[in-house]
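One structure is given here, and the rest of the page talks about it.
The values are calculated or read from the model by the stated rules, or taken from the named source; none is laboratory data. Bear in mind that the values here come from a model prediction, so they are computed numbers and not experimental data. Here the Cβ positions follow ideal geometry from the backbone for every residue, glycine too, while neighbour counts run over all protein chains shown. Heads up: the accessible areas ignore ligands, DNA and RNA and are worked out on the full protein's heavy atoms, side chains in. Shrake-Rupley method; radii C 1.70, N 1.55, O 1.52, S 1.80 Å.
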Amino acid sequence: TQGKMTISQFRMKKFMYLFNVFFDRNKSGAIDKKDFDIAAEKICSVRGWKPGDPQYEKTKQVLSNVWVGLKEKADADNDGQVTCEEWCKMWEDYCRDPNSVLDWQMQFRDFMFDLEDTSGDGTIDEE
């Protein structure tokens, strides 16, 4: 349809990679709260963060916020999970209005940056 923005196949492949590799941690074919719990536990375990550590609590809270935001935006049938179809629809909607960046997307971006910036100097470098 003329005037209707769609996501290129290349970008959709990248979004599906995120869906399958990072978000769907338990390989159920959908994203749900359990996937975020698994991701938080794995991140904290790898970093050596234990319950009560500020980094542990922040990781759990941020990933919980990301899940809530993603669910609100993408879980069209309100069944507590985001299917592949719902995931793709969310990104197609975003493609039509790229100024509609959502809070959960920014929190996820910032969280991932901070996770990689292990020195805490505001940059990601070779070290």
Can you compute the radius of gyration and Dmax for the range 23-72, using only the Cα atoms, both in Å?
11.0, 32
Coarse-grained scattering of the chain at q = 0.10, 0.11, 0.22 Å⁻¹, given as base-10 log I(q)/I(0) from a Debye sum over alpha-carbon atoms:
-0.36, -0.43, -1.39
Tilt of helix 103-116 relative to the longest C-alpha principal axis of the chain, in degrees (0 to 90, nearest 10)?
40 degrees
Nearest 10 degrees is fine. How inclined is helix 33-47 to the longest principal axis of the chain, computing both from alpha carbons?
40 degrees
Report the one residue of S119, Y94, M12 whose Cα lies farthest in the direction of the positive end of the charge dipole of the chain (charges on C-beta: Lys and Arg +1, Asp and Glu -1; origin at the Cα centre).
M12
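Remind me, relative contact order of the chain in percent, using alpha carbon pairs under 8 angstrom and six or more residues apart? Write down the numbers at each step before the final one.
Working: 106 pairs, mean separation 32.1, N = 127.
For the chain, the relative contact order is 25 percent.
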Under 12 Å from the Cα of K89, which aspartates and glutamates turn up, not counting those fewer than eight places away in the same chain?
D75
Ignoring any ligand, DNA or RNA, what whole percent of the accessible area of the chain comes from carbon and sulfur when the probe is 1.4 angstrom?
52 percent
Longest site-free stretch - the chain; sites: trypsin sites (Lys or Arg not before Pro), DSSP loop, at most 14 other Cβ within 10 Å
28-127
Other residues with Cβ under 14 Å from the Cβ of S45 give, with Lys and Arg +1 and Asp and Glu -1, a net charge of +2
